[in-house]
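So the structure is just underneath, and the comments pick up after that.
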Amino acid sequence: MDKRYEAFCLADPYFYETPARGPARSREGNGNGTGGTSREFPAARRPVPTGWTTGRAGDWLHLHPEGVELPAQGWKIHVSARPGNAAGIAEVIHDYCVPRRLSFKFVPSPHQVYLRNSKYAPREGAGKFATLYPEDTDRLRTVLEELDDLLAGETGPYILSDLRWREGPLYVRYGAFTRRQCRDESGALVPALENAEGELVPDRRQPGFHLPPWVTLPGFLAPALAARNATTVRDLPYRIERALHFSNGGGVYAGTDSRSGEAVVLKEARPHAGLAADGVDAVARLEREAAVLERLDGVESVPRLRDRFTLGDHRFLVMDHLPGRTLNSFFAERHPLLTSRTDRDAIAAYTQWALGIHAAVERAVEALHERGVVFNDLHMFNIMVAPDETSVALLDFETASYPGAETRQLVAHPGFLAPPDRTGPAVDRYALACLRLAMFLPLTSLLGLDRGKAAHLAELASELFPGLPAGFLDAAVAEIEAGSSPTADTTSGPGQGNGGGGG
């Protein structure tokens with residue numbers, strides 16, 4: 001799935017909605033002429049200054065001084081922020097820019113700041129809370145110097161596409177100021193810059209700093225570029241071979257221990273980024289995962305923690321590489337109803353295979369519970385099937401907890417999300433019940449709207465897979481429908497799904 005679309009799913013519990021509108025219950029006019037909501041930052045609710053124009057585009061609130069003409073492109077300043085300090089940073093920026101007639105825009109609400117910093121927010125725009133548009137490099141330097149003093153001590157996610165100015169939340173990138181577009185190599189319309197020949201070329205907005213070849217880096221930014229280039233993996237005792245997965249919280253990489261030649265997996269966490277619904281960032285979840293892996297040391301179905309280290313501001317765990325493939329890949333290849341022609345033998349063979357895999361997953365989860373750990377995020381992407389296809393391992397323990405905590409899920413795959421009344425080991429039992437259904441009829445995402453649908457899914461699965469043992473799906477239905485009303489409570493559920501692996 002294209003992760004850009006997740007924000008449209010999180011904006012409303014029932015409908016695909018524009019993220020800028022925020023949760024439906026907070027859409028109230030604020031009376032200041034900007035069309036915002038009462039839940040926006042105080043800076044967004046201020047009256048429009050005399051001699052200024054304002055407008056909204058996407059999740060940005062723009063303010064521009066009348067009579068000031070900006071160049072079509074140039075060096076822009078991005079300001080990073082967290083949900084906890086964004087309101088204060090917005091006040092500082094507003095108070096700085098308005099008297100100086102400096103054009104700017106910012107994200108006007110806490111909900112939108114959370115979405116920009118959430119786990120699967122697009123990495124190229126993550127962390128960007130405000131943008132300032134100095135007209136030339138002289139003013140660029142002045143603004144950086146002055147704002148750096150005003151925002152001293154503030155923190156926020158590292159903006160991956162930019163150069164960081166000193167140690168604060170200010171970043172710079174050369175890019176488009178006005179809306180111009182061109183076609184990229186795939187034919188898609190993308191934001192554009194004008195090159196030295198006067199041609200429009202794509203304005204590259206992606207993780208990793210990119211300076212257009214016709215642009216000269218101002219001398220006062222040279223230390224920022226040198227600082228960025230100084231962080232390297234060359235001196236690590238691990239050789240990174242390839243990326244397995246990326247999220248806004250960090251990456252997961254396949255690598256080799258240079259000392260022993262053994263295959264390893266490195267998991268990265270970025271500070272203040274990759275927020276879950278409770279506001280916890282990727283670093284806190286990585287530390288939690290390390291503690292859980294230490295408790296589970298020696299459990300056969302769990303990767304062994306080998307090392308942990310910090311590189312730049314990023315934290316890393318190093319774990320054993322587990323051979324095999326994730327269950328979702330096997331499922332896509334083998335499910336007999338995903339082919340154009342299916343015979344009874346194929347259905348019978350798949351049934352026996354799926355029953356064996358589910359039994360192995362149950363044993364793996366039981367082993368966690370015996371060590372006092374609740375997995376909390378069981379789904380097909382987090383289950384590694386061994387090459388012999390008789391045993392499994394569990395992946396991604398960043399949301400794992402301990403039975404005494406009795407906390408509900410905060411990050412979960414939508415097809416395995418337990419209702420609010422399930423906590424502790426009951427969360428895993430619910431996910432195991434969903435897996436019983438999903439292995440045969442992968443429609444358990446419907447249970448998030450009405451758990452009463454489980455009986456219908458079980459009935460259909462029994463008809464399609466007549467070899468299922470009596471009671472196998474009945475037990476799943478009983479577990480899913482137990483507890484409070486089966487109708488979903490979408491007003492208090494986790495704010496973020498998890499469609500893939502860790503990071």
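The values are calculated or read from the model by the stated rules, or taken from the named source; none is laboratory data. Since the model is a prediction, treat every value here as computed from it, not as a measurement. Don't worry about glycine lacking a Cβ; one is built from the backbone with ideal geometry, like all the others, and counts go over all protein chains shown.
A few comments on the model shown:
- The one condition from (1) surrounded by fewer than 21 Cβ atoms within 10 Å (Cβ to Cβ); (2) closer than 23 Å to Arg205 by Cβ; (3) touching a residue at least 60 places away in the same chain (Cβ under 8 Å) that Arg141 does not meet is (2).
- Taken together, the residues in region 435-467 that are farther than 23 Å from Tyr14 by Cα and surrounded by fewer than 20 Cβ atoms within 10 Å (Cβ to Cβ) amount to 7.
- Residue selected from region 104-136 under the condition basic (Lys, Arg) and modelled with pLDDT under 95, by the criterion farthest from Trp60 (Cα to Cα): Lys119
- Residue check, Gly404 part of a helix (DSSP H, G or I) and within 23 Å of Ala284 (Cα to Cα): yes
- Candidates Ala482, Ala461, Ala470, Ala488 - the one that is among the small types (Gly, Ala, Ser) and modelled with pLDDT of 95 or more: Ala461
- Count of residues meeting criterion [outside any helix (DSSP H, G or I), out of contact with any Lys or Arg (no Cβ under 9 Å at 6 or more places or on another chain) and within 26 Å of Leu266 (Cβ to Cβ)] in region 216-237: 5
- Filtered residues of region 460-483 (kept if more than 34 Å from the chain's Cα centre (by Cα) and not hydrophobic (A, V, I, L, M, F, W, C)): Ser462, Glu463, Pro466, Gly467, Pro469, Gly471, Asp474
- Arg422 being crowded, with 17+ Cβ neighbours inside 10 Å, assigned to a loop (DSSP other than H, G, I, E, B) and among the basic types (Lys, Arg): yes
- Given (1) under 30 Å from Ala57 (Cβ atoms); (2) not assigned by TED's automatic domain parsing to the domain that holds Gly127, number of the condition Trp214 does not satisfy: (2)
- Odd one out for Arg204 among (1) modelled with pLDDT under 95; (2) farther than 19 Å from Glu194 by Cβ; (3) surrounded by 11 or more Cβ atoms within 10 Å (Cβ to Cβ): (2)
- If you go through region 233-282 and keep only what is surrounded by fewer than 15 Cβ atoms within 10 Å (Cβ to Cβ), at pLDDT 95 or above and within 23 Å of Gly127 (Cα to Cα), you end up with just Ala243.
- Residue count for region 284-308 satisfying the condition of being among the hydroxyl-bearing types (Ser, Thr, Tyr) and in contact with a Lys or Arg (Cβ under 6 Å, 6 or more places away or on another chain): 0.
- Once region 44-79 is narrowed to residues that are charged (D, E, K, R) and in a strand (DSSP E or B), the residue that is farthest from Ala176 (Cα to Cα) is Arg56.
- Screening the candidates Gly153, Gly168, Gly198, Gly249 for the property of being over 30 Å from Pro65 (Cβ atoms) and either in contact with a helix residue (DSSP H, G or I) (Cβ under 6 Å, 6 or more places away or on another chain) or of a type outside the set (A, V, I, L, M, F, W, C) (or both) yields one hit, Gly249.
- Here Asp388 meets the list (1) in contact (Cβ under 8 Å) with a residue 60 or more places away in the chain; (2) over 18 Å from Phe440 (Cα atoms) almost entirely, failing just condition (1).
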